[in-house]
Amino acid sequence: MKISSSQKVPKHTAVTAYLDGKAFNIEGPVMSGSDQFQQSVANDPGLSLSVVGRRVAPAKQKNRALACYAAAGAIVAGGVVAGLMTEPGLGAVIAATSLPAVLLGYKQMKAATASPNFTVPELKTESQAQKVLSNSLKAQKTANPQARQVAYLSGHGNHREVAGFQHKALAEVLRGSPVDMTILDACLCSQLEVVSELAPFAGLIISSADIVPNEGLPIEKMFDAEHTPGQMFEECIDATVSASLIDSKAVKTKLLPALDTLGKDLAEGLESDQGSAIKAALKASESPEHIGERVDMGSFLAHLKERGLATESIDGAIAAFDQSILRHHRTPLTFRLDSKKNDSLPPGWTSFLSSLGKHIKVSHFALL
């Protein structure tokens, strides 16, 4: 069933949530999603829920915490000895270095006792995790065939993985069980390299191009059976630096083909008298990172148009971009400057990135 960003949805939403309780340093907040989902279901009979994922065995996590505390104790003891043998100030400085170990121990102990009802089988391989998520998605579809199907993943995220899944692995799962919406409660997922892998089977995607706070997205506010995708997106704005509502089907059928055409023109332009203008457009574009390895796609397209570059292909790319990014708060979608990424990027776009790499040092493009 096709779901638009503002369309009134059926009064039934089936959610399959995958929580990566092994996401280092955020294990507790991730697993607390289980409790939040249970509360949402208790308050809304229109929600059906399946929560799966993985976690570190509580006993093992407690042992980690104790090891951290022991290390901190040893550091403090060393500081005391150093203070007695030399200067008290030196001892205090050494003892103060135990604070990171204390903090880590606290987080590990808190994670060990978090969400005791979140009991899941041990998943040692990605293929095992794939099977668990796939089975859960299929079971939800079978039990609730008329419901809006939503996949939710929580954990760490970047241009390579989300919630412990390589993007290709997650794409394989979604290909077998397409969903109406995918919510990526993880950092750095509004990237071309991510959504191009998941398109079109992820449906509408809610994600962020920036760091998502440890507390994650507001599950209890977002998951209302009657919320439209646009309303779910609105609930994310105050919880993240940036957020986007992306139509992955439009990404697949419109944006990627448009970038293929544009990329070919830009690759040729870099080898001509347009090279300096293209690099100037790149330099003027916004970036969510100080070192400039990622560029705001919308900003880059606007600067290309402003300079009158690749006029026909840039107009097509801007139109496709606007059709793909349904809603956004701050940075809508980024792309990485190096070409050594996934094979879901169109060859024309990859050729542009490859040509770009011959002209600039990618990790320091701000020095252009």
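The values are calculated or read from the model by the stated rules, or taken from the named source; none is laboratory data. This structure is a prediction, so every number in the text was calculated from the model and none was measured. Neighbour counts are summed over all protein chains in view; Cβ atoms, including those assigned to glycine, are modelled from backbone coordinates with ideal geometry.
Table for the structure above
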| read-out | value |
| --- | --- |
| Filter result (more than 18 Å from LEU188 (Cα to Cα) and not hydroxyl-bearing (Ser, Thr, Tyr)) within segment 312-325 | GLU312, ILE314, ASP315, GLY316, ALA317, ILE318, ALA319, ALA320, PHE321, ASP322, GLN323 |
| Of the criteria (1) more than 23 Å from SER324 (Cβ to Cβ); (2) over 11 Å from the mean Cα position of the chain (by Cα); (3) not aromatic (Phe, Trp, Tyr), which one GLY155 fails | (2) |
| One residue from ALA42, ALA57 being within 30 Å of LYS221 (Cα to Cα), touching a residue at least 60 places away in the same chain (Cβ under 8 Å) and surrounded by fewer than 19 Cβ atoms within 10 Å (Cβ to Cβ) | ALA57 |
| Cβ-Cβ under 7 Å pairs, at least 6 apart or on other chains, segment 271-288 side closer than 11 Å to LEU301 by Cα, far side among the aliphatic types (A, V, I, L, M) and buried (at least 16 other Cβ atoms within 10 Å of the Cβ) | ILE278/LEU266; ILE278/LEU270; ILE278/LEU309; ALA281/LEU304; ALA281/LEU309; LEU282/VAL295; SER285/VAL295 |
| Residue tally, condition farther than 30 Å from VAL52 by Cβ, surrounded by 16 or more Cβ atoms within 10 Å (Cβ to Cβ) and not aliphatic (A, V, I, L, M), over segment 65-116 | 5 |
| Residues that are closer than 17 Å to ALA319 by Cβ and among the β-branched types (Val, Ile, Thr), drawn from segment 255-307 | THR261 |
| Test for SER177: is it under 24 Å from PRO29 (Cα atoms), of a type outside the set (A, V, I, L, M) and assigned by TED's automatic domain parsing to the domain that holds ILE237 | no |
| Matching option when the condition is modelled with pLDDT of 95 or more, within 13 Å of ALA243 (Cα to Cα) and outside the structural domain of THR331 (by TED's automatic domain parsing), among ILE183, ILE219 | ILE183 |
| Failed item, numbered, when ASP273 is tested on (1) modelled with pLDDT under 95; (2) surrounded by fewer than 20 Cβ atoms within 10 Å (Cβ to Cβ); (3) in contact with a Gly (Cβ under 7 Å, 6 or more places away or on another chain) | (3) |
| So ALA151, is it aliphatic (A, V, I, L, M), over 21 Å from PHE24 (Cα atoms), buried (at least 16 other Cβ atoms within 10 Å of the Cβ) and modelled with pLDDT of 95 or more | yes |
